[in-house]
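The values are calculated or read from the model by the stated rules, or taken from the named source; none is laboratory data. Because the structure is predicted, anything quoted here is derived from the model rather than measured. Cβ coordinates were reconstructed from backbone atoms using ideal geometry, including for glycine residues, and neighbour counts include every protein chain displayed. Note: accessible area is taken over every heavy atom of the protein model, side chains too, but ligands, DNA and RNA are not part of it. Shrake-Rupley method; radii C 1.70, N 1.55, O 1.52, S 1.80 Å.
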Amino acid sequence: MKLKYFSHSSFQITTDDGKVLIIDPFLDGNPTSPVKSADVSPDFIILTHAHGDHLGDSFKIADRCDPLFICVNELADYVASNGYRAHNMHIGGAYNFDFGRLKFTIAHHGSLTPDNNYGGEPAGVIITADNKNIYHTGDTGLFYDMKLIGEMNEIDYMLLPIGDNFTMGITDAVKAVEFVNPATAIPMHYNTFPVIEADPNEFKQRVSNMGKDCRVMEFGEEIEL
Ligand code: NI
Ligand code: MN
């Protein structure tokens, strides 16, 4: 399985049998992404919430390659009302797709679409594929139930925001890593705009100080998991 980081909260997972999943494809309007929407061809688009920096170029991509959207119910309805294929789920529920299993978790944030439609509750997502558990927290503040998520799931990779202002900053994100106890933490949602500037190496140092592993991915970097 491969994990590619476009920057911000946008990641691409490619499974061993070639299924391509993109989470929160914010590419063309994203000044830090070296990859643009015309360069990607996902089979699935997973949205954590409806904000413009997460919904991003989803519809432009879908016009070209017809992916299946996976989102919470209200956002899935919004996607479907725009003419795209969507699988409706909700927080706490999991489902087996042909790439593996996907479960939505809580996140503390908002979720209005760019054209002011209600996007449902914001979410995080746990993706299980090729015997790995990847937890993408979505945009969220720190919450104590992350401990429960860590107790009930052996998380291999935790992707979490460190940019502050709209989400957890570094101090809260370090506590989130302590709660979830992943094998590896990967920071996201930083340095896209001046208001979310943060030093991922400071985060890495502080996670390392707890005896935990952290990987700072370059924007555009792809790694084998
Ligand atoms: Ni957001
Ligand atoms: Mn965001």
- request: Grab the other residues whose beta carbon is less than 9 angstrom from that of residue 170, score K and R as +1, D and E as -1, and report the net.
  value: -3
- line: Whole-Hz Karplus couplings 3J(HN,Hα) for the range 74-91, θ = phi - 60° and coefficients 6.51, -1.76, 1.60, Gly and Pro as x, run 5, 6, 4, 5, 4, 4, 5, 5, 8, x, 10, 7, 9, 9, 7, 9, 7, 4
message: Please list, in order along the range 31-38, the HN-Hα scalar couplings obtained from phi with the Karplus expression 6.51 cos²θ - 1.76 cosθ + 1.60 (θ = phi - 60°), rounded to whole Hz, x for Gly and Pro.
response: x, 9, 8, x, 10, 10, 4, 5
- request: Just add up the charged neighbours of residue 7: K/R +1, D/E -1, any other residue whose Cβ is under 10 Å from the Cβ of residue 7.
  value: -2
task: Using just the helices of the chain, give the 222 nm mean residue ellipticity in deg cm²/dmol: DSSP H runs with n ≥ 4 each add -39,500 (n - 2.57), and the total is spread over all residues, rounded to 500.
output: -6000 deg cm²/dmol
query: In the full protein assembly as shown, how much of residue 210 is accessible to a 1.4 Å probe, in Å² to the nearest 10?
result: 70 Å²
Loop-located trypsin sites (Lys or Arg not before Pro) in the range 77-138 whose Cβ has at most 15 other Cβ within 10 Å (DSSP): 85
query: What whole-number value in Å² describes the accessible area per residue of the chain for a 1.4 Å probe?
result: 40 Å²
- line: For the range 94-101, in residue order, the Karplus 3J(HN,Hα) values (coefficients 6.51, -1.76, 1.60; θ = phi - 60°; whole Hz; Gly and Pro = x) are 10, 8, 8, 9, 6, 8, x, 10
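Over 28 Å between Cα atoms: which of 132/204; 2/60; 132/212; 4/204; 36/147; 19/103 fall into that group? Mind dumping the intermediate values first?
Details: 132/204 22 Å; 2/60 24 Å; 132/212 18 Å; 4/204 19 Å; 36/147 36 Å; 19/103 18 Å.
Where the Cα-Cα span goes over 28 Å, the pairs concerned are 36/147.
Could you tell me whether the range 56-133 comes out rounded, prolate or oblate from its Cα gyration tensor? Rule is a ≥ b ≥ c as square roots of the eigenvalues, rounded for a/c under 1.5, then prolate if a/b exceeds b/c, otherwise oblate. Can you show the working numbers first?
Working: a/c = 2.07, a/b = 1.23, b/c = 1.68.
Taking the square roots of the gyration eigenvalues as a ≥ b ≥ c, the range 56-133 is oblate.
In the neighborhood of residue 220, defined by Cβ-to-Cβ distances under 12 Å, what is the net charge if each Lys or Arg adds +1 and each Asp or Glu adds -1? Working shown, then result.
Working: positive: 4, 36; negative: 39, 218, 221, 222.
Local charge sum for residue 220: -2.
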task: Return one number: the angle in degrees, 0 to 90 and rounded to the nearest 10, between the long axis of the Cα atoms of helix 200-209 and the longest principal axis of the Cα atoms of the chain.
output: 50 degrees
